[in-house]
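See structure below.
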Amino acid sequence: MVFVLNMYKLQLLLISIIMLMPVIVHADNKPFAPESIDDVVIVTAEQAIELILENPHMPIIDSRKKTEYVKGHIEGAISLLNIDMTERDLLDVAPDKNTTILFYCNGERCLRSSDAIRKAKSWGYQNLIWFRGGWREWTDKRLPVVTD
């Protein structure tokens with residue numbers, strides 16, 4: 001009886017592991033954001049805070065999905081999903097293309113902010129800052145967040 005019970009527990013454990021494998025593999029297969037983008041400054045969370053404090057009117061673009069933004073974002077951030085962001089959207093936020101703009105998304109395994117930056121560059125924006133560590137670094141360091 002004990003042997004049968006232990007075999008049952010072992011089978012349940014194996015089934016659980018097998019069911020979790022696609023999730024684990026999927027997380028590991030997510031691509032990394034590029035290490036850098038030409039002419040774009042990369043900052044850490046601490047440097048982002050300094051920039052925000054020094055430039056209280058600097059646009060902060062959160063390139064994540066709206067559902068993620070609503071659950072929490074950096075204070076003052078504007079939700080502009082990279083795939084939906086148009087030049088008109090960015091002009092509404094920063095009409096002067098020399099304005100310093102900070103972009104972020106979910107972190108090093110998220111390509112949304114790097115994509116948004118590439119779009120902004122193609123539209124002539126010059127002073128782009130990339131918080132590459134993004135939301136993950138921000139929350140790992142337990143920095144203040146705003147929820148909607």
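When the chymotrypsin sites (Phe, Trp or Tyr not before Pro) in region 26-105 are filtered for DSSP coil states and for at most 15 other beta-carbon atoms within 10 Å of their beta-carbon, the remaining sites are Phe32. For Phe32 and Arg88, FRET efficiency with R0 = 30 Å and r from the beta-carbon atoms, rounded to 0.05? FRET efficiency, Arg88 to Phe32: 0.45. For region 41-140, the Kirkwood hydrodynamic radius from C-alpha pairs, put into Stokes-Einstein at 4 °C and a viscosity of 1.567 mPa s, yields a diffusion coefficient of 99 µm² per second. With contacts taken as Cα pairs under 8 Å at a separation of at least 6 residues, region 19-132 carries a relative contact order of 35 percent. Among the lysines, select those whose C-alpha is under 16 Å from the C-alpha of Lys121, and discard any that sit fewer than 8 residues away in the same chain. Reachable lysines: Lys97.
Read-outs: derived from the displayed coordinates by stated rules, not from any lab. Only a predicted model underlies this, so the values are computations on that prediction, with no experimental measurement involved. All Cβ positions, even for glycine, are placed from backbone atoms using ideal geometry, and neighbour counts span all protein chains on display.
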